[in-house]
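The values are calculated or read from the model by the stated rules, or taken from the named source; none is laboratory data. In this text the structure is predicted, and so the values were computed from the model without any measurement. With ideal geometry, Cβ positions are generated from the backbone for all residues, glycine too; neighbour counts draw on all protein chains shown.
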Amino acid sequence: MQIDSTCSTRTALTLLALSAVQCTADSSSNSGAVAAPVAGGAVTVAGSSAAASGAGAVSTAAAARGTAGAVAAAAAGTSASATAGKPAQAGAGGSGPAAAAAGQLSVAGASGSPGAVGAGGAMAMAGVGGAGSTASAGAWPAADIGAEGPFKSMTVMNSGPSNGYTLYVPMELGRDGLKHPIVTWGNGSGSTPGQYTLLPRIASHGFVVIASNNTSVTGALLKGGIDWLIAENGREGSMFKDKLDPKQVASMGFSLGSLATFEIAGDMRIRTTIHISGGSMNKSVVSNLHAPAAFYCGNDSDIAFNGCEGDFEISKVPTIYANFPGDHLGVRNAKTAPQVAKATVGWLRWRLMGDKMLDAMFVGPDCGLCKDMTWEKVQQKMLDVPPP
């Protein structure tokens, strides 16, 4: 369904709900151990997933984190996803249990081990964006920010507060003692989390994403997601117990979800915000920003363009503002979604994982994003030096 460009910001994404869909396969090709699911949530597994028919074919995932360009290949057994309460058919080469009762993880097939990390965490893979996209975040695995990350991700549906949220989660929670940053997401009006390929991409880089299923999201719903994950981090028996970093929290959203993010931007737990095609209509909310922010909007064909321009003008925090060549639905358009995803993952790794290699992407007049010709215009504010 295409949206008329004359729609208001609140109704720009009035889309058909995916009410009949129980599970969707994400596209990560990294392998890893399966984490226990959240109670009550139906789970799908990202990566080498079998088609909906359950047909099983062994896939091979290249783990490209070797030394001096060496690539280690990992043969991954096929994982099959199933509707909660129905058995999942094991794929060829799979050896895991296939039964999936309601609230349990539906996965069949053992995954191969990823390649070893080489000295210095150098990455021998150039994905979308090619050379210069690789980033390293200290203890965090090196990653190409323009491609799937080093974690296999899974999707947990109907979880969170009142079972009203979808979670996008690294399957190997707490791998190597890592504590995962929290990202709360707000949909555009009329849409649901499953319509954004950006969300499992973010999870594949080690973030835990919580997204309200509400098609008219509010700031209260975004805040509720943060509150719930932080509580789960301290709850005995939770899959998230001591696996999250409550000091590294981001709020972000598209269109209406961006407006909801402005609403809660004054929450001091939030370390950064990202606003995608979501210029505010009430400019007073821009003053809620207290942490570095990223604005990714379309060109003047985006109905949010004027709002984005105005928000950048009055922002009083370190801000990057970049215009992709497209209209309001750029985050979902096949031509522009990859560049939005790359910039988003880069910003989150920079702000929440302390990836100093990404200073060059956002800081200074010659920043990498500034010189990226796939963006029509890039502006900065208070980014002459890296913000604390």
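Looking at Ser238, Ser258, which is the one that is among the hydroxyl-bearing types (Ser, Thr, Tyr), buried (at least 19 other Cβ atoms within 10 Å of the Cβ) and either part of a loop (DSSP other than H, G, I, E, B) or assigned by TED's automatic domain parsing to the domain that holds Asp302 (or both)?
Every option except Ser258 fails the conditions.
In contact with a Gly (Cβ under 7 Å, 6 or more places away or on another chain) and in contact (Cβ under 8 Å) with a residue 12 or more places away in the chain: is that true of Leu198 in this structure?
On the way: in contact with a Gly (Cβ under 7 Å, 6 or more places away or on another chain): no; in contact (Cβ under 8 Å) with a residue 12 or more places away in the chain: yes.
Taking the combined requirement at face value, the residue does not satisfy it.
Per-residue answers, yes or no, for (1) β-branched (Val, Ile, Thr); (2) out of contact with any Pro (no Cβ under 9 Å at 6 or more places or on another chain); (3) at pLDDT below 95:
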residue: His180; (1), (2), (3): no, no, no
residue: Thr184; (1), (2), (3): yes, yes, no
residue: Tyr196; (1), (2), (3): no, yes, no
residue: Val209; (1), (2), (3): yes, no, no
residue: Thr215; (1), (2), (3): yes, yes, no
residue: Thr218; (1), (2), (3): yes, yes, no
residue: Leu229; (1), (2), (3): no, no, no
residue: Leu244; (1), (2), (3): no, no, no
residue: Gln248; (1), (2), (3): no, no, no
Test for Ile230: is it closer than 24 Å to Gly266 by Cβ and within 17 Å of the chain's Cα centre (by Cα)
no
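Taking the criterion of being in the same structural domain as Ala360 (by TED's automatic domain parsing), more than 27 Å from Gly194 (Cβ to Cβ) and aliphatic (A, V, I, L, M), would at least one residue in the stretch 307-316 satisfy it? I'd like the intermediate steps shown before the answer.
Narrowing the stretch 307-316 to residues in the same structural domain as Ala360 (by TED's automatic domain parsing): 307-316.
After this cut, where a residue has to be more than 27 Å from Gly194 (Cβ to Cβ) as well, the list is 309-316.
Filter again for aliphatic (A, V, I, L, M), leaving 314.
Checking the stretch 307-316: at least one residue is in the same structural domain as Ala360 (by TED's automatic domain parsing), more than 27 Å from Gly194 (Cβ to Cβ) and aliphatic (A, V, I, L, M).
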Tell me which of these Gly364 doesn't satisfy, since it passes every other one: (1) over 30 Å from Gln195 (Cα atoms); (2) touching a Lys or Arg at 6+ places or on another chain (Cβ under 7 Å).
(2)
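Do you know which residues across the stretch 295-317 are part of a loop (DSSP other than H, G, I, E, B) and over 15 Å from Phe262 (Cα atoms)?
We begin by selecting, within the stretch 295-317, every residue part of a loop (DSSP other than H, G, I, E, B); these are 298-304, 315-317.
Passing the criteria: Gly298, Asn299, Asp300, Ser301, Asp302, Ile303.
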Residues in the stretch 342-357: is at least one more than 16 Å from Gly149 (Cβ to Cβ), hydrophobic (A, V, I, L, M, F, W, C) and assigned by TED's automatic domain parsing to the domain that holds Gly310?
no
Looking only at the stretch 173-186, how many residues end up being surrounded by fewer than 24 Cβ atoms within 10 Å (Cβ to Cβ) and under 17 Å from the mean Cα position of the chain (by Cα)?
2
Take Lys223 and decide whether it is in contact (Cβ under 8 Å) with a residue 60 or more places away in the chain and surrounded by 15 or more Cβ atoms within 10 Å (Cβ to Cβ).
no
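Within the group Val286, Val208, which residue is buried (at least 24 other Cβ atoms within 10 Å of the Cβ), touching a helix residue (DSSP H, G or I) at 6+ places or on another chain (Cβ under 9 Å) and assigned by TED's automatic domain parsing to the domain that holds Ile145? Talk me through it step by step, then tell me what you get.
Details: Val286 fails: buried (at least 24 other Cβ atoms within 10 Å of the Cβ).
Val208 is the lone residue from the list that is buried (at least 24 other Cβ atoms within 10 Å of the Cβ), touching a helix residue (DSSP H, G or I) at 6+ places or on another chain (Cβ under 9 Å) and assigned by TED's automatic domain parsing to the domain that holds Ile145.
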Sort through Ala293, Ala265, Ala304 and tell me the only one that's in contact with a Ser or Thr (Cβ under 7 Å, 6 or more places away or on another chain), buried (at least 24 other Cβ atoms within 10 Å of the Cβ), of a type in the set (A, V, I, L, M, F, W, C) and under 22 Å from Val209 (Cα atoms).
Ala293
Please give the number of the condition His290 fails out of (1) under 24 Å from Gly368 (Cα atoms); (2) part of a loop (DSSP other than H, G, I, E, B).
(1)
Which of the residues that make up the stretch 347-388 are among the aliphatic types (A, V, I, L, M) and more than 23 Å from the chain's Cα centre (by Cα)?
Met373, Met382, Leu383, Val385
Looking only at the stretch 329-381, filter to residues that are aliphatic (A, V, I, L, M) and part of a loop (DSSP other than H, G, I, E, B); which one of those is surrounded by the fewest Cβ atoms within 10 Å (Cβ to Cβ)?
Met373
